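Step one of this worksheet: look at the structure below.
The values are calculated or read from the model by the stated rules, or taken from the named source; none is laboratory data. Treat the numbers as computed from the prediction; the structure is a model and nothing was measured. Backbone-built Cβ (ideal geometry, glycine too); neighbour counts: all protein chains shown. These area figures cover heavy atoms from the full protein model, side chains too; ligands, DNA and RNA do not enter into them. Shrake-Rupley method; radii C 1.70, N 1.55, O 1.52, S 1.80 Å.
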Amino acid sequence: MGNFNSVDLVILLGVAQGLFLAITLPMVHRTNTQANIVLSIQIALACMVLFTKVVIFKAEQFWVIQRAILLEPFIFLYGPLGYIYLKRLLEKGSEKFQLHWSHYIPALIYFVYLVYLNILPTETFANKWMGGDFAVPFFWAELLALVQNCIFWYFCGQLIFQYQERETSQLSFIQGTTSFIKAIHVLVGFILFLWVLSFLNTYFLKLSFWYVNYDMVWIGIPVLIYIVGYYALRQPEIFRIQMDTKIGKALNKQRLPESEIELLKSKLENLIETEKVYLKNELTLTDLSQELNTTTNNLSWLLNNIYQSSFYEFINRYRIQAFLGKIKNNEHMSRTLLSLSLEVGFNSKSTFNKAFKSVLNDTPSNYIKKMGV
């Protein structure tokens, strides 16, 4: 076994931290427990993968490589497990979502093949390994794993897109979940892109891309899983609110009678103008529907068909009006714009700026400068 350098030590430290995350994540926070169980499994697999890669890099005996490659099928599991994690995390009612067993067949077949390689005498394995006898099976295994992971990456992107759409119909604010998960999704996409380049270069192009290779993919994806696990443990609030997938589907089927429309409009306007319910920083569609003693579907239909607005747009228009009222009273002369925005119901600077731009097609500072107040 070769000597360990600083990079190896960093990776091994990451393995230790990953094991800690895998054990503690399902235990510490009760929210999103089912999703965190899947994430813990991913982290545990990532730990084994990283540790094995260090061993393989340093191995001087073929029996070590022969045993270590038994973990290779884990590369088939990143995509499916990532999809299950997102599904459980983002969609209400999907807390125990599972994929059909058929999605795991490629990993099982590859594992059986690697078991066969482990049955071979070490000398026979070494000769075949050096002679390239395993090249074709490894080619098809990597190609299939690459395709499967890319497909599930696309499915995860669809989940995130649908989640964003549900946010505007059910929340009056932007969650940290969305931007965080989008960033992770983009990074995973970048790693998959590098994997594609590595695959094409290894088998077809034969160029000198030492920094783009299959082993870097093995290391890159586990590191991202660690990042997700770290934030899920340290900042569980960014993984707090799930979106109800049934609300949007029922909108076109439900129609309210004129009398109920007028009643709901009257009660809604009273809540907005008199009780100023929009001042609640984390107001949701469910909260408002409960205040109105109606269903979320009824309220969504009312906002979409009568007010021609999403829940997010409807609530934030009133918040912007309240903010402008404070500007007219010159409160911005002694207060920051952020503090004023929080006072009128926004929960973050990014949500405020986005809503302001949407309503007035300008930034808050530019608008105030143009108004000369």
Quick one: in the stretch 161-179, of everything that is touching a helix residue (DSSP H, G or I) at 6+ places or on another chain (Cβ under 6 Å) and hydrophobic (A, V, I, L, M, F, W, C), which residue is least open to solvent (accessible area, probe 1.4 Å)?
-> Phe173
Any residue in the stretch 73-91 that's farther than 16 Å from Glu167 by Cβ: show its pairings with residues that are polar (S, T, N, Q) and surrounded by 24 or more Cβ atoms within 10 Å (Cβ to Cβ) at Cβ separation under 9 Å, as long as the two are six or more apart or on different chains.
-> Leu77/Gln42; Tyr78/Gln42; Leu81/Gln42; Gly82/Gln42; Tyr85/Asn36; Tyr85/Gln42; Arg88/Asn36
Qualifying residue in the stretch 30-37 (condition: in contact (Cβ under 8 Å) with a residue 12 or more places away in the chain, in contact with a Lys or Arg (Cβ under 6 Å, 6 or more places away or on another chain), over 19 Å from Leu114 (Cβ atoms) and buried (at least 19 other Cβ atoms within 10 Å of the Cβ)) | yes
Filtering the stretch 323-362 down to residues that are surrounded by fewer than 16 Cβ atoms within 10 Å (Cβ to Cβ), of a type in the set (Ser, Thr, Tyr) and part of a loop (DSSP other than H, G, I, E, B) yields Ser334, Thr336
Counting only residues in the stretch 281-297 that are out of contact with any helix residue (DSSP H, G or I) (no Cβ under 7 Å at 6 or more places or on another chain) and open to solvent by 70 Å² or more (accessible area, probe 1.4 Å), the one nearest to Leu342 (Cα to Cα) is identified as Glu282
Any idea which of (1) within 16 Å of Glu72 (Cα to Cα); (2) surrounded by fewer than 17 Cβ atoms within 10 Å (Cβ to Cβ) is the one Met130 doesn't satisfy?
-> (1)
Determine, yes or no, whether Asn281 is in contact (Cβ under 8 Å) with a residue 40 or more places away in the chain and not in a helix (DSSP H, G or I).
-> yes
